Amino acid sequence: MSRFVTVNITRETKPVSEKGFGLPLMLATSKELDYKIYTDISEVSADFDETSREYKLASRMFGQSPKIAELACYGVPYVPDADDVTVLTKALNELVQINNDFFYLVCSENGDKEIKVLAEWMSTQEKFYGATTQSIALVEELSGKYENTFLSVHDDPDAFHAEGLIAQSAPKDIGSYTWTFKQINGVGAAKLTNAEINAVIKNNATTCINEMGILLNASSKVLGGDYIDVVQSDYYLRARLREDVFRKLAVVEKIPYTNEGIAQIVDVMDNRFKSSFRQGIIATNDAGEPDYTITYPLRSEVPKNTIAQRILPDIKFRLVISGAIEKVEINGVLTL
């Protein structure tokens with residue numbers, strides 16, 4: 001202590017729960033299992049026999065590089081030819097009431113009806129569902145319908161190609177990568193004709209192909225037609241902006257309804273966009289600067305009744321997603 005200098009510090013560090021974007025959930029169907037987290041394939045064998053689809057699926061996911069840190073699992077008994085397929089969605093509805101931290105969903109059952117019902121359920125969530133199917137007809141049927149489901153077609157029922165893609169991508173920062181060209185450990189090229197591969201890609205799905213001697217993922221679109229990384233960036237920005245602005249409101253004594261107070265909220269958004277630019281989500285403009293703008297009202301432009309309700313309206317932003325180069329066209333002329 002000093003009689004000459006007094007320092008007072010107010011802690012504005014109250015924790016706000018942040019949505020995770022790297023945790024996959026495996027919905028197991030061979031047995032009932034409370035929600036749990038695996039950190040290695042050796043832990044999975046305590047619950048599932050090595051011949052089970054759950055173990056094979058988990059093995060594919062833990063076998064990727066970079067390796068996922070965690071794989072969540074939740075089990076519900078389900079027999080495809082005997083039980084109503086809504087058993088799966090009922091289980092998920094119960095799970096998200098108590099644990100909603102996962103971002104990716106995979107399932108040990110990848111039949112047509114299971115994929116359809118899980119894709120429909122996922123359409124109500126800000127999450128992703130990935131599945132590997134043997135059916136090109138299913139891909140054609142679902143093409144254009146879902147913005148957060150992606151499918152891979154493979155002749156091997158145990159390939160789990162889409163699930164491997166999730167595992168390889170989950171540890172990475174959203175915006176820093178594209179899903180095309182990725183090689184999934186343990187997955188060989190699908191036995192499809194060129195016409196079938198073209199049909200799969202045309203209908204917004206993917207497969208594992210051998211291109212110029214390299215095994216790679218052929219495409220990176222959700223069934224709705226957008227690229228996976230674009231939709232991921234959408235969900236990421238929604239969640240982080242909600243968290244950032246809420247944290248600002250929650251941890252300070254007061255944000256005054258003044259131009260200066262409004263600027264505090266805008267600064268929070270600006271900081272998030274700068275961070276997202278560094279992460280690779282936002283493009284640069286012709287001047288080499290992050291390509292986004294934020295518009296907001298002054299206090300004098302807000303109706304008095306709105307001010308009385310303590311609502312700050314009409315903050316808007318525009319940003320340009322960086323995207324990725326996945327095809328190159330080169331034109332040249334040879335001459336003597």
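Quick notes on this structure:
- All of Asn210, Asn271 fail the test of being in a strand (DSSP E or B), surrounded by fewer than 15 Cβ atoms within 10 Å (Cβ to Cβ) and either assigned by TED's automatic domain parsing to the domain that holds Gly144 or free of Cβ contacts under 8 Å to residues at least 40 places away in the same chain (or both), apart from Asn210.
- Asp234 meets each of the listed conditions (1) surrounded by 13 or more Cβ atoms within 10 Å (Cβ to Cβ); (2) assigned by TED's automatic domain parsing to the domain that holds Tyr146 apart from (2).
- Condition met for Leu298 (exposed (fewer than 12 other Cβ atoms within 10 Å of the Cβ) and more than 16 Å from Tyr177 (Cα to Cα)): yes
- Here the condition is being surrounded by 17 or more Cβ atoms within 10 Å (Cβ to Cβ), in a loop (DSSP other than H, G, I, E, B) and at pLDDT 95 or above; of Leu223, Leu165, it holds for Leu223 alone.
- Note on the range 136-162: residues that are of a type in the set (D, E, K, R) and either crowded, with 18+ Cβ neighbours inside 10 Å or under 19 Å from the mean Cα position of the chain (by Cα) (or both) amount to 2.
- Filter pass, Gly261 being at pLDDT 95 or above, over 25 Å from Asp173 (Cα atoms) and either within 19 Å of the chain's Cα centre (by Cα) or small (Gly, Ala, Ser) (or both): yes
- When residues of the range 274-295 are limited to those that are assigned to a loop (DSSP other than H, G, I, E, B) and charged (D, E, K, R), the one nearest to Tyr227 (Cα to Cα): Asp291
- Test: residue in the range 305-312 that is more than 22 Å from Glu243 (Cα to Cα), touching a residue at least 12 places away in the same chain (Cβ under 8 Å), out of contact with any Cys (no Cβ under 8 Å at 6 or more places or on another chain) and assigned to a helix (DSSP H, G or I): yes
- Test: residue in the range 79-88 that is farther than 19 Å from Glu163 by Cβ, in contact with a helix residue (DSSP H, G or I) (Cβ under 8 Å, 6 or more places away or on another chain), of a type in the set (S, T, N, Q) and surrounded by fewer than 17 Cβ atoms within 10 Å (Cβ to Cβ): yes
- Residue within the range 91-110 that is buried (at least 18 other Cβ atoms within 10 Å of the Cβ), farther than 29 Å from Lys221 by Cβ and not β-branched (Val, Ile, Thr) present: no
- Screening Asn185, Asn204 for residues that are in contact with a Phe, Trp or Tyr (Cβ under 9 Å, 6 or more places away or on another chain) and either modelled with pLDDT of 95 or more or part of a strand (DSSP E or B) (or both) leaves exactly one candidate, Asn204.
- One residue stands out among those in the range 95-112 that are outside any loop (DSSP other than H, G, I, E, B) and within 21 Å of the chain's Cα centre (by Cα): the one that is nearest to Glu126 (Cα to Cα), which is Tyr104.
- Options Ser42, Ser30; residue that is at pLDDT 95 or above, in a loop (DSSP other than H, G, I, E, B) and hydroxyl-bearing (Ser, Thr, Tyr): Ser30
- Pairs linking a residue in the range 141-156 that is on the phi > 0 side of the Ramachandran plot to a residue that is in a loop (DSSP other than H, G, I, E, B), with Cβ atoms under 9 Å and 6 or more positions apart or on different chains, are Gly144/Asn203; Gly144/Asn204; Gly144/Leu223; Gly144/Gly224; Gly144/Gly225.
- Any hit, the range 304-318, residues being surrounded by 11 or more Cβ atoms within 10 Å (Cβ to Cβ), under 26 Å from the mean Cα position of the chain (by Cα) and not aliphatic (A, V, I, L, M): yes
The values are calculated or read from the model by the stated rules, or taken from the named source; none is laboratory data. Source: prediction; values computed, not measured. We place every Cβ from the backbone using ideal geometry, glycine too, and count neighbours over all the protein chains shown.
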